[in-house]
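Below is one structure; the comments refer to it alone.
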Amino acid sequence: MTRDPRELRGTTLVELLVVLSVLGVIASVAVLAVRRFDRPAPNDPRAILAESLRVAVDSSRAIVVRFVRDGRAFSATVRPDGTVVADSGGLLDADRLTGRPSHAR
């Protein structure tokens with residue numbers, strides 16, 4: 001008993017619907033998994049450091065950034081190689097190479 005070769009070719013409508021619905025579920029989960037981040041305030045020291053880092057790398061010169069917060073002065077040096085060196089006042093608590101908060105790993 002052999003089957004007719006015409007019966008074995010192609011896919012059925014049910015298979016196509018199953019594949020499309022699985023792709024739809026995967027796409028909806030991927031969209032929901034994307035994290036939304038709130039933009040930091042423009043006067044946030046980390047936002048200022050990020051912009052200074054961009055300028056320092058583009059211009060190939062070191063930039064010294066000074067902040068005054070709660071009546072205390074803080075400073076950070078952003079170097080053209082991408083390093084950020086901040087004083088130990090604790091305002092920035094930044095990683096030397098990334099500028100990210102040290103406690104965020």
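Here the 3J(HN,Hα) profile of the stretch 67-75, calculated from phi with Karplus coefficients 6.51, -1.76 and 1.60 at θ = phi - 60°, is 10, 10, 9, 6, x, 10, 9, 10, 9 Hz, Gly and Pro shown as x.
Calculated FRET efficiency, ARG79 to ASP38, Cβ-Cβ distance, R0 = 30 Å: about 0.55 to the nearest 0.05.
If amide H atoms are built 1.01 Å from N in the plane of the peptide, which residues on other chains or at least 5 residues away come under 5 Å of the amide H of SER75? HN-HN under 5 Å from SER75: PHE67, ASP87.
Here the stretch 28-67 is described by how far its Cα atoms reach on the three principal axes: 45, 22, 9 Å, from widest to narrowest.
Bear in mind that the values in this text are calculations on the coordinates, not laboratory data. Just so it is clear, the model here is predicted, and its values are computed rather than measured. With ideal geometry, Cβ positions are generated from the backbone for all residues, glycine too; neighbour counts draw on all protein chains shown.
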